[in-house]
Each structure stands twice: as structure tokens, then as C-alpha cells.
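Heads up: the structure comes next, in C-alpha cells.
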Amino acid sequence: MNAPKRISFQYVRDEVKRRIETRVWPQGSVLPTETQLAEEFNCARATVNRALRELAEQGFVERKRKSGTRVKKSPSKQAKLELSLARQMVEDQNATYRYALVERDIGVTPRWLGSQLGLPSDARILHVVCMHYADNRPFQHEERWINIAAIPEIEFADLEETSPHEWLLNAAPFSEAEITFCAVSADSRLADYMGTTSGAPMIQLERTTWRGGQPLSFARMTHHPGYCIRTRY
């Protein structure tokens, strides 16, 4: 067998979805196993697993241990927010992506965060501030607090080249998330980072993630003026 190619899970997901929608695999049919699909697409089994997991979340398939993955008899489509990595969003615009780590420090949990995440006051937190750029123009300001007890390896992770968001998705994927969108006015600090004026209107996304009921991180990601949110269903 050839070595697995660098095929994205999005490609596998979209091709499986296409086959379901065109009834190559009709309602109620059992899909090939993850191993069989990995061999067909010449990719890693983990790539197939993630693709099928997303399709299950979208309501196209149902997955049961021992009985495999089956096309739902009444596939349901759900609205889905495109919450991609900043890198992916920038590159999708055919722009050049650049990332910069601005601040990184370890301390105890701030009182407001401990209350929000249910963490004890002595819990150790990694606080990170970073910037994402598109063609060297500010694209997104990211501020994140990460629960070290839940992800001990983050304390020594190299975040100079890889953003915390990207690192976490690869090393410690979450099982549950809560997302809030806010309209905010830039304060002087945020305006300086984003190259705009104080009071400028911006969209800010707040996201809390958990894994197995344990809080992983809380992040605020603020986008440049004019940023648009898209959904698909």
C-alpha cells in the first residue's frame, strides 16, 4: 500500500457527503469501514474518522460501535458556522498568512475566569495573546486562557510558530464548545493591535471548550472591521 497522502478530512467529508446526496450510498445503507475508506482515499484512518464524525454531527450519518456507520434514513441538515482557523480563513482569501505571538505567561486563574469555568482559585492558567495577519494587515486578535491541569503539555508547547488555536485542535481536540458573538467597540489597546481607532465597531467571538466535562480553554477572538460571519446548512 502506498504511504498516506496529505489529504484533508474536509475532502473526505465532502466526497462522502456527495455520495450520500447522489444516492451512491442510499438512506439506510452501511458505509465502508474506516479502514476501507482510508485505503480508497489513500489517507490516514484518523482523517476518515474525523470526516465521519463531522458528518454525524451534521446529521447525515449515524455511528454505532460494532455496527459501523450508516446513512440516516432521513438525513437532516443543520446550520453550521464556519469557525475555521485564522490561517485557513486568510488563505481562502488568497492572502498571505502571518502569525505572531505577542504575550505568554503562566499564573493562577483570574476570579472572573474561575467563576465562568468552575476552576479553583489556585488552578494554573496559561495566558496567551497573539495576532493573525492577512497580507501583513491585522486580521484577528486572539486572547486565550488555557487550563494547564487539563492539558499539561501546553505549558512547554512551542507557540512561536503555531497558534494556540491550531495547537489545541491538533493536540487536544475538544468534545464540547459554547460560542458567543458580541459586537464590541475597540478600546485603545485593541485599536492599536488592529490598526484602527478607539471606538471602532468589531465582531468578537468568545469560545469556551471542554473535553469529557473538563474545561480546556476560554478564548476571545476579535476580527478586523468589516469581517463577515457565514453559515451553511
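The values are calculated or read from the model by the stated rules, or taken from the named source; none is laboratory data. Since we're looking at a predicted model, the values are computed, not measured. FYI the Cβ positions are ideal-geometry reconstructions off the backbone, even for glycines, and counts take in every protein chain you see.
Here are some notes:
- Picking from residues in the stretch 20-73 that are aliphatic (A, V, I, L, M) and in a loop (DSSP other than H, G, I, E, B), the one that is farthest from Phe9 (Cα to Cα) is Val24.
- Within the stretch 143-170, the set of residues being surrounded by 20 or more Cβ atoms within 10 Å (Cβ to Cβ) and under 17 Å from Glu91 (Cβ atoms) comprises Ser163, His165.
- Residue ID - farthest from Tyr97 (Cα to Cα), chosen from residues in the stretch 150-182 that are small (Gly, Ala, Ser) and at pLDDT 90 or above: Ala150
- Any chance Gly195 is closer than 22 Å to Tyr97 by Cα and touching a residue at least 40 places away in the same chain (Cβ under 8 Å): yes
- Arg111 being free of Cβ contacts under 8 Å to residues at least 40 places away in the same chain and either in the same structural domain as Glu206 (by TED's automatic domain parsing) or of a type in the set (Lys, Arg) (or both): yes
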